[in-house]
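The values are calculated or read from the model by the stated rules, or taken from the named source; none is laboratory data. Keep in mind the model is a prediction, meaning the values are calculated, not measured. Cβ placement follows ideal geometry from the backbone for every residue including glycine, while neighbour counts extend to all protein chains displayed. Surface accessibility is based on the protein's heavy atoms, side chains included, excluding ligands, DNA and RNA. Shrake-Rupley method; radii C 1.70, N 1.55, O 1.52, S 1.80 Å.
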Amino acid sequence: ANQFTDTVNPLIYLRDDSKESNTFRVLGNIYVQLKPVEWLSFKTTFSPNYVNSRTGEYTASSGSRTETSSQEEYTRKDWTWDNQFDYNRTFGDHTVGAMALFSLYKSNTEYQYEEGKGIASDHTTFHNLGTASGDKTLSSSYTESSLESFAFRANYSYKGRYMATATLRTDGSSRFADGNRWGWFPSVAAAWRISDEAWMKQFNNWLDNAKLRLSYGVTGNNNVGDYVTIASATGPSYVTIDGKEVQGYYPNGLVNTELIWEKVKEFDVGLDLSFLKNRINVTADFYNRLSDGQIMSRSVPIETGEKTSTFNVGSVQNRGIELGLNFNIINKKDFSWSANVNFARNWNKIKELSNGKVDEV
């Protein structure tokens, strides 16, 4: 097997072949943070990303095989610009906070591939494809996508005992058609630190913390191709009409302009407990998650001229429990020893399929 090289037969390297791959990547993060007053701050962050990958390959002639050279180049440029305001103030036993976010994301990808057969000189390998005397292949592509997001969150706490937060987020994706690009994703959460109640003080000698948590939220997914909801053409395709060769194009798949965001709706209730000066910690959660309008390929009638297309079809429900135990057995300055035990159980149920069928797993 391939234990020492990237080919099945290591003797292949004795041929006059060559392959060269280069990847150049630049990551950046630039931010400016302002705090005009103690309780208000603003931060703007710009994060660019650039990747260029090029692979050249040359295969020398051998027997009936002709010299073949090819170059493949991939370039991706994307950036994210986040702008966030944070407000936090305390009034006696009351703490209030708010966050406002505006974010932009844009990405584009270019791809090029050139191949030529019958190279004039072994010395030029894949660096002079224009000298190829045989068949030449040329292909290229360009894709672009963008995402615009707004979010607002408000939170409140009373003595650190009662806590609540609410968030509203909306995202607009260029991957969906006009009228369906925006999705709304709200969430709410609340927590109650039971151990801070006066009637719980009698247990303070062994109970350090007891907190009950409740939350419900909606998240989204736009994991589809950049131009799934836009009609495009594929080709060229050549046919002969009246003895003449004619070039033509044909539709690139069946377009579904009604495609929308896939949404996941989840409810969670949890309990956190700590005992014996935090030597024993317990976390328990029950969740009920519904994935609705999943983005999937589905078979379509043969009369459409296609085999499949992309739709929002079906929904899947996941229910489960998660338990976690942490034991801080020894916790000293120069030595610590802890142990963790985790348990999870999940139940899946298909609530709806494209054909209306309901099943359980």
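Numbers for the structure displayed
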item	result
Normalised contact order of the chain, rounded percent, pairs of Cα under 8 Å and 6 or more residues apart	8
Residue-normalised accessible area of the chain, given per residue in Å² at a 1.4 Å probe	65
Accessible area of K77 in the full protein assembly, 1.4 Å probe (Å², nearest 10)	90
Dipole magnitude of the chain about its Cα centre (Cβ charges: Lys, Arg +1; Asp, Glu -1), debye to nearest 20	1860
Accessible area (Å², 1.4 Å probe, nearest 10) - T23	100
Set of lysines with alpha-carbon distance to K277 below 29 Å, sequence-local pairs under 8 removed	K159, K201, K211, K332, K333
Cα Rg, Dmax (largest Cα-Cα span) when computed across the chain, Å	29.8, 98
Rounded, prolate or oblate (a/c below 1.5 giving rounded, otherwise prolate when a/b exceeds b/c) for segment 198-294 by Cα gyration tensor	prolate
Positive-end residue of F185, V239, S173, charge dipole of segment 151-248 with Cβ unit charges	F185
Cα gyration tensor shape of segment 211-361, rounded if a/c is under 1.5, else prolate or oblate by comparing a/b with b/c	prolate
Sulfur and carbon atoms: percent of accessible area, segment 262-328 [1.4 Å]	56
Per-residue SASA entry for H94, accessible area with 1.4 Å probe, Å² rounded to 10	70
Rounded D (µm²/s) - segment 19-62, Kirkwood Rh over Cα pairs, Stokes-Einstein at 20 °C, 1.002 mPa s	147
For segment 133-178: relative contact order, % (alpha-carbon pairs under 8 angstrom, 6 or more apart)	39
P(r) tail fraction, segment 26-129 - alpha-carbon pairs more than 17 Å apart, %	70
Where F42, F85 fall by accessible area, highest first, once all protein chains stay in place (1.4 Å)	F85, F42
L207, L34, reordered so the largest accessible area comes first (probe 1.4 Å)	L34, L207
Mean separation of Cα contacts under 8 Å (6+ apart) over length of segment 16-101, as relative contact order %	28
